[in-house]
Amino acid sequence: MSTTIESQNNNLVRIAAHLPDLIVYGNFSPERPSVDYFDGVLMFVDISGFTAMTEKFSTAMYMDRGAEQLVDILNHYISAIVEKVLLFGGDILKFAGDALLALWKVQRKQLNNIITVAVKCSLEIHGLFDSKEMEDEELDIRVKIGLSAGHITMVVFGDERHNYFLVTGQAVDDVRLAQNMAQMNDVILSPTCWQLCDRSKIEIERIPEQRAVKVKFLKLPPTFNWDEFFKKCMSFMSYYPPRQLKTLRLAYLLESDAELEASLQKYVMESILKQIDDRQLRGYLSELRPVTIVFVNLIFKDQNKVEVVGVAIQDACEHITSAVQTCRGQINKVFMFDKGCSFLCVFGFPGEKEPNEVTHALESAVDIFDFCSQVPKIHTVSIGVASGIVFCGIIGHTMRHEYTVIGQKVNIAARMMMYYPGIVTCDSVTYNSSSLPAYFFKELPKKVMKGVADSGPVYQCLGLNEEKRENGEEFIQDVRLHHKINYFMDNMKKFLISGYSRVLIYEGMTGYGKSQILKEVEYLAQGERHRTVAIALTKISIHQNFYTIQILMANVLGLDTCKHYKERQIKLQTTVRKLLEEKFFCLLNDIFHVQFPTSREISRMSSLRKQKQVEKLFMKILEKTVRMEKVILIIDEAQFVDKTSWAFMEKLIQTVPIYIIMSLSPNVEELCAAANAIVKNRNTTYVTLGAVQPKDIRNKTCFDLNVSSVSRELDMYLVEGSCGIPFYCEELLLNLDHHKVLQFKLMESVEKTTVTWNNMFKTFTKPTDELKLFFNAEEGNEVICSLAGGVRLKNLSLPTSLKEVSLIQLDSMSLSHQMLVRCAAITGLMCTTELLFEILPCWDMKMMIEALTTLVEEGVFDCFQTGKDLRLAHQQDASFQVHHRSSSLQPSQGTGDREEFQELRNEVIQCHIIRFCRPMMQKTAYELWLKDEKKAMHLKCAHFLEENAHRCERCRGTDFVPFHHFAVDIWLNKLDMTTMKQLVRSYGYQSEEEIPASKPDPGEKPRLFPESLSPEEIRDKILEFFDTTITKMKAEEEKLLPQKACQCEEVLTMVILPLAQHFMALEEKHKALYYFLEITSAYLLLGDNYMAYVHLNEGYRLLRTLRKKKSWSQTFELATFYTLKSRICFNMGQMVLAKRALRKALKFLRRVFPHNLLSLFCYDHLEKKKHSYYLSQQVQATEGPHPLHVQAAPRSVLFSLLSSVGPSTMVPACLPAAALQIVKAFLDYSMFHQLAGYGEMWFPYELKAVERIYQLPLEGEAIEMVAYVANTLGHIKFVMGHLDLAIDLGFRAYRMWSLLRNPNEYCSVLCTLSSALLLRNRYKQLIQVLESLWQLSAQEEHTFSKAYFYFTCLDIMLYCGFVYRPFEECLQFITLHEDDSILRFHSGILLGFYSALAIWYARLQEWDNFSNFFNKSKSLLSRRTPKTAYYRGLVKCMEGQVLHLQKQIEEQSHRAQDSAVELLKNLESLLSQNTMGAVFHPRLYHLMAYVCMLMGDGQNCDIFLSQALEVSETQGNMLEKSWLFLSKEWWYSNAQLTEDQWLHTVLNLPSWEGIVSGNLRFQDLQKNKFLMRVNILDTPF
């Protein structure tokens, strides 16, 4: 065992495993080429099925099937073949993809016996595949074997750093031909092999018209002793290991030898040597990888003369090595068969990925072709180039393996090389990816090629010398470009007016849309007396002198349309005759490919003088041209402009008025002085392009797909995956379309669908109004794009093009930086620096900081100190900036760079969170891990994270789902007794020994409310109790109040979410389910219903796979699942679905849905007793908890359903579940009875709730319970219209929650309080509350508080007569945030927002804008969430309908009468509902009165007005009361209202600052209120 380990750690052994014994034990002659001759038997084994399998994996839709599975399958079979060959004494010469060549090297007289051994080996290999079956992949793996024998020649060639070898001769040609004749499971002997073998031992079958034969079986005599025969044969084999060594290969036991190691290293690729030096695992480099294959075939004039051929191969090899290595390619294999010598070159191996890889490969191919065609001894050079995903990896056996490539693209390159001899060919992928002009290629006739079903179009590469440019690129409009194009238009105006040159440069990375912008610029630049010249440059353009100006002048002179040089020559003579003497015409020969006679004067000129003459001529021509028309020059990829052209353009813009627009990529090599001068010119405008905004990605998606909207899930996937880069978005869409993921439907059919759990969140995001400027969709075009069922976007494999981008960046890093990126990829898109340090192998902190700093600087990671910084980063807009200097042209200052790096290093040291800048880098790096390594890393992450997998310290570290970890044993790190006791105490419970059994509590407080107290005294007592609580909280702040802000959102993002994914990767479904339920509960606490829904569905997928196993923990999880499902349904207003889910939750707990108060309290009492008993036993036993302990969560939803409406706050999950649920039950039933109108039945419940919290010791969770009760009571009083009491309670809750520092609860209080103050016209206090809301939104990045802030600002403008925030600011907020997942699925606030905006535009008579927002509000009405925010929005929506009715009547619409009757019925229905609070009644009566007035029903109008005034007076609703008086006065008067009355009012609305400064009295605000129009009818008044 120790010998084996030592061998594996020996570098020489590891290198020898990549080479045959023929090389390991060979003669290392320094002569190149060197030739050796010997006899032997050759075996060629071809394995079919692997190429198809590689193709299947490379085109797989999901990432979970990759290289590691392919490695396992390949090596499962190839390793078995190699082992057989080694057992029978063979030497594996080469692995050729999914084939291998083996050799038995012996003297000629031993050939007959060795052939028998080789036949026996071949038959046993076939036997392997008869018994092995592919269970998962359904692939038919079969083997064809050819055998030959005779003289063999080995040629070694190369240079000082690299050596290659090949075997040649008749035996080599014969073995290839024999294998080609074989069918599946055949063994074919070549004619020479059949002649040399012992025919008495081999039964054969003749092949018609062939001298080769097919082996049927070995016919050994009964007395034949195979072991002795084999032992005798192996005695002639020089390097067959003796049996006592117990090894398959003698080279596996080599001892360290520096000289031998140095010699063998030359035969192994450098990337493999690096991994061997780093002790990497054999599978480290195995991956499915996009590469470019270059197959070179050389046919020699005298194939049989090895000495001559060897020299030619040596010459060719030296040049091929140089050509490919210049572009970071490598020679992987060299073969020699009957059709010449073939070199397999690969561009894009791990660590060698480069931008423009395909172009480099074609450049190398053309260079190799040109050189080899000139080698005298080479007759024909044929090259095939193909690009795509192939398997790159080490295949074989532990003792003998090689790094190779397998895949359809390898086959295509090889077949093109053979079927199109004498030229350089490429496939369509290479053609399209090369970024070279089309005229470099010529499409060839398609041929049927063996083993290639459909190669697609095949092109001949004609060469890479620019000669002409074809025009006519199709103009494609892009909806993202509006703002960027404005800079072109502005500069265009300046250019046309001033007559001076202008330069506009768009700078941006690849994919940011520079070329697209220039296409639109070219289209817009067309005009009368405008000459637009568009030039698209490539990398090779920079090496061609004066090329850019050559193209410009060809266009100006009209030569670009000439097809023949004579036509160009005639046109040139006509144009330049007056500008240039005829003897100088020949200067234009090389520039415009014409053939003027060369004059003596020109032949004597120096090159510099010729260039000056040409430039002088061109300048004259341009000066003449601009007098007749404006010249606009557009240059795409201007970094490839040659130096001479830059210098000419610098002179040009100073001499001739010309408008130059160009695109430029940053981080290119330093540009020349002329380029710098142009950039610094005062008439140059620099536009730096950045990532576009999500709305632009959405617009682009809708435009590209020609749809009116896309599903929210697809929108989020594209926004996150594209990183705001348009090209990435296009590639992701193409990938989705390729996998048939996209589905297209009519919007009408979707809208008619009944709401179910599966389609509850099937919302569709629409493009912005900007799209209408560019995309004229037909009227009624309501096609939408959604996703096919069951598709999981996050697991989709990346498109090849995007994977290449990441691989290029990865391969440019050092190995240590690559390791850090790969480790970070395991953790997900983001992780903490602590976790990263934990999983990095053998790194110290300093090493990690240095590496992270470099990677942050290179744009691989972003770093953040807190979760708040992370949230802020998502909101930054860096789509484009305007400068007058390029960042890529700034001079480098060494000292400044070091200071910046040190500053960045300090930031990294302080950072807590790192995040991949681009998700595709994380996906790409993640796919590089092999399966076993990946699992080990995931397990390491899970071990580290689960210690913090609970709520934050501020929330006392409980579970997001109460008692979750008690019920489900999922922890990897088992808990000891002390930890269990601490966890029990965290929920506020004590064990049995800690609770006095029979002694009453001496400190028990007396009753708060004696029966003799009046309601007013009770009210004062309650307020006094809350005041006392606040005083104590302030006095003992450090003892009673949390000192840290809540970090639960960060825990969710950085711990719980990753843990679920780690356990999914580990296939630990129970543990993953646990965390998905925790995630769902956490998102519900944060108010994000959509994300809760998404992750609950992930949990449901797991539940379906686990249902076969029945256990208590699974029952608990099922009950929890349906409880969470009911909460989501309730929040989304789907009451039927919520009740159905809740009944299922209780059913799993073997409980029924309680239908009355008595049964509810019986259950509560029983629960409390059993729960206390369980907790006393918990530390003593490890059994699961009693089922009744989970009913607290279902009852929380149950109470809300029974009461139909509840406060908008979320219950603090950190409080003791039993006590909190009892208090909540009292308050819910109080609300229920008040809404239902059950007299004074509600009063006792509120008293019991206050009594319950009064009895608790004022510490810890009890303080939060007091604050919760104050807030809830204030909310109830507001809903029922008791505004003064609501304000008193609200301010006390406001003070308590501000001290407790809970953003969600604090926001809830402020929302209710601001609504009550608004109705009471208490504006100063209202503004103070709004300022608190604004501070909360700014400090905590609390979206909902900011939304409510602007919502209230809209209400102030609509109803109060002044401005606190301008309308435009409110509108901008909703435009930017209406797709926010929290707001979008909180129907109340959005419904209110849209309705308020509809009212605003209706008052302004802007009915198109009204319809837009009114339709949006109507779409939300179906979410009947019984919460105050929903009803507030609903009432506003009804007000919008009333204003629209007024328009219908004014226009004498035939539907006006029916609309009015229906509207009145709806208003009456709302009044009769017992779910809507009395606080909304005055507005509803007011609207009903207005409808009656519009209908001419004065009597009912008067009744409703009186009722509205009466209720307003009772409630103290001063806002509605003052408006009612105005309406009554206006409706009963004969005054006329002008059309634009509200417009004049809006324009003159005073600001709050003006009111505070005393410039306006509060009484004067009345005149700014909206007056409902009634002068459109002849009323009876």
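The values are calculated or read from the model by the stated rules, or taken from the named source; none is laboratory data. Fair warning: this is a prediction, and the values are worked out from it, not measured in the lab. Here the Cβ is made from the backbone with ideal geometry for all residues, glycine too, and neighbour counts use every protein chain on show. Heavy atoms of the whole protein, side chains included, go into the accessibility calculation; ligands, DNA and RNA do not. Shrake-Rupley method; radii C 1.70, N 1.55, O 1.52, S 1.80 Å.
Considering only segment 12-38, state which residues are small (G, A, S) and surrounded by 22 or more Cβ atoms within 10 Å (Cβ to Cβ).
Across segment 12-38, the qualifying residues are A16, A17.
Sort out for me the helices (runs of 4 or more DSSP H) sitting completely within segment 1004-1090 that have 2 or more residues that are surrounded by 12 or more Cβ atoms within 10 Å (Cβ to Cβ) and at pLDDT 85 or above.
Those helices (runs of 4 or more DSSP H) span 1015-1035, 1048-1051, 1057-1065, 1069-1085.
Among the residues in segment 1364-1378, are any within 23 Å of A1489 (Cα to Cα), over 32 Å from the mean Cα position of the chain (by Cα) and basic (K, R)?
no
What are the residue pairs meeting all of these: first residue in segment 919-941, first residue basic (K, R), second residue at pLDDT below 85, Cβ atoms under 7 Å, and 6 or more apart or on different chains?
K923/M63; K923/L798; K931/E68
Can you tell me which residue is most open to solvent (accessible area, probe 1.4 Å) among those in segment 1249-1269 that are charged (D, E, K, R) and within 22 Å of E1038 (Cα to Cα)?
Per the stated criteria, the residue is E1259.
Residue by residue through segment 502-527, note down the ones that are under 15 Å from I660 (Cα atoms), open to solvent by less than 10 Å² (accessible area, probe 1.4 Å) and in a loop (DSSP other than H, G, I, E, B).
If the condition is that a residue be under 15 Å from I660 (Cα atoms), open to solvent by less than 10 Å² (accessible area, probe 1.4 Å) and in a loop (DSSP other than H, G, I, E, B), then no residue fits.
Filter segment 88-141 for residues that are modelled with pLDDT under 90 and open to solvent by 50 Å² or more (accessible area, probe 1.4 Å) and give the result.
Across segment 88-141, the qualifying residues are D130, S131, K132, E133, E135, D136, E138, D140.
Which residue is modelled with the highest pLDDT, if the candidates are limited to segment 666-688 and must be part of a loop (DSSP other than H, G, I, E, B) and under 39 Å from the mean Cα position of the chain (by Cα)?
Checked segment 666-688; the qualifying residue modelled with the highest pLDDT is C672.
For segment 914-952, which positions are open to solvent by 50 Å² or more (accessible area, probe 1.4 Å) and either at pLDDT 90 or above or more than 25 Å from A873 (Cα to Cα) (or both)?
K931, D932, K935, A936, L939, K940, H943, F944, E947, H950 - these are the residues of segment 914-952 that are open to solvent by 50 Å² or more (accessible area, probe 1.4 Å) and either at pLDDT 90 or above or more than 25 Å from A873 (Cα to Cα) (or both).
For residues in segment 528-566 being open to solvent by 20 Å² or more (accessible area, probe 1.4 Å) and free of Cβ contacts under 8 Å to residues at least 12 places away in the same chain, which is nearest to D490 (Cα to Cα)?
This residue is E528.
Criterion first (modelled with pLDDT under 90 and either in contact with a Phe, Trp or Tyr (Cβ under 7 Å, 6 or more places away or on another chain) or open to solvent by 20 Å² or more (accessible area, probe 1.4 Å) (or both)) does L1106 satisfy it?
no
Please go through (1) out of contact with any Pro (no Cβ under 7 Å at 6 or more places or on another chain); (2) open to solvent by less than 50 Å² (accessible area, probe 1.4 Å); (3) assigned to a helix (DSSP H, G or I) for V1136 and return the number of the only condition it doesn't satisfy.
(2)
From the list Q265, Q244, Q303, which residue is surrounded by 15 or more Cβ atoms within 10 Å (Cβ to Cβ) and at pLDDT below 85?
Q303
Which numbered condition in (1) surrounded by fewer than 17 Cβ atoms within 10 Å (Cβ to Cβ); (2) at pLDDT 85 or above; (3) out of contact with any strand residue (DSSP E or B) (no Cβ under 6 Å at 6 or more places or on another chain) is the only one that L733 fails?
Just one mismatch for L733, condition (1).
Go through (1) in contact (Cβ under 8 Å) with a residue 40 or more places away in the chain; (2) outside any strand (DSSP E or B); (3) surrounded by fewer than 24 Cβ atoms within 10 Å (Cβ to Cβ); (4) among the polar types (S, T, N, Q) for N432 and report which single condition fails.
That leaves (1) as the condition not met.
Does R211 meet the test of being of a type in the set (K, R), in contact (Cβ under 8 Å) with a residue 12 or more places away in the chain and open to solvent by 40 Å² or more (accessible area, probe 1.4 Å)?
The answer is yes for R211.
State all residues of segment 840-866 that are open to solvent by less than 10 Å² (accessible area, probe 1.4 Å) and under 16 Å from H912 (Cβ atoms); if no residue qualifies, say none.
Those that are open to solvent by less than 10 Å² (accessible area, probe 1.4 Å) and under 16 Å from H912 (Cβ atoms): M848, L852, T853, F861.
Of the residues K700, K680, which is in contact with a Cys (Cβ under 9 Å, 6 or more places away or on another chain) and in contact (Cβ under 8 Å) with a residue 24 or more places away in the chain?
K700
Pick from segment 184-196 the residues that are at pLDDT 90 or above and open to solvent by 10 Å² or more (accessible area, probe 1.4 Å): which of them is nearest to the chain's Cα centre (by Cα)?
The extreme case among them is D186.
Where residues in segment 1530-1563 are at pLDDT 70 or above, assigned to a helix (DSSP H, G or I) and farther than 17 Å from W1400 by Cβ, which of them is most open to solvent (accessible area, probe 1.4 Å)?
E1553
Restricting the search to segment 269-283, which residues are at pLDDT below 60 and buried (at least 17 other Cβ atoms within 10 Å of the Cβ)?
The answer is R282, G283.
Would you be able to say whether some residue in segment 307-320 is crowded, with 21+ Cβ neighbours inside 10 Å and of a type in the set (S, T, N, Q)?
No, that holds for no residue.
For segment 1507-1528, enumerate the residues that are polar (S, T, N, Q) and open to solvent by 30 Å² or more (accessible area, probe 1.4 Å).
Answer for segment 1507-1528, where residues must be polar (S, T, N, Q) and open to solvent by 30 Å² or more (accessible area, probe 1.4 Å): Q1507, T1514.
Being free of Cβ contacts under 8 Å to residues at least 40 places away in the same chain, of a type in the set (G, A, S) and either part of a helix (DSSP H, G or I) or under 15 Å from D1497 (Cα atoms) (or both) is the filter here, so list the residues in segment 1427-1474 that pass it.
A1456, S1459, A1460, S1469, S1472
Here are some conditions: (1) part of a helix (DSSP H, G or I); (2) surrounded by fewer than 24 Cβ atoms within 10 Å (Cβ to Cβ). R1424 meets all but one. Which one does it not meet?
Condition not satisfied by R1424: (1).
Which of the residues that make up segment 1115-1157 are modelled with pLDDT of 85 or more and either small (G, A, S) or at positive phi (or both)?
Within segment 1115-1157, A1119, S1126, A1138, A1141, A1145 meet the criteria.
Looking at (1) open to solvent by less than 10 Å² (accessible area, probe 1.4 Å); (2) assigned to a loop (DSSP other than H, G, I, E, B); (3) closer than 25 Å to E307 by Cα; (4) not aliphatic (A, V, I, L, M), which one does K353 not meet, given that it meets all the others?
In the conditions (1) open to solvent by less than 10 Å² (accessible area, probe 1.4 Å); (2) assigned to a loop (DSSP other than H, G, I, E, B); (3) closer than 25 Å to E307 by Cα; (4) not aliphatic (A, V, I, L, M), K353 misses (3) alone.
The rows are residues; the columns are (1) open to solvent by 40 Å² or more (accessible area, probe 1.4 Å); (2) within 29 Å of A873 (Cβ to Cβ); (3) of a type in the set (F, W, Y).
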position: A675; (1), (2), (3): no, no, no
position: N706; (1), (2), (3): yes, no, no
position: V710; (1), (2), (3): no, yes, no
position: S722; (1), (2), (3): no, yes, no
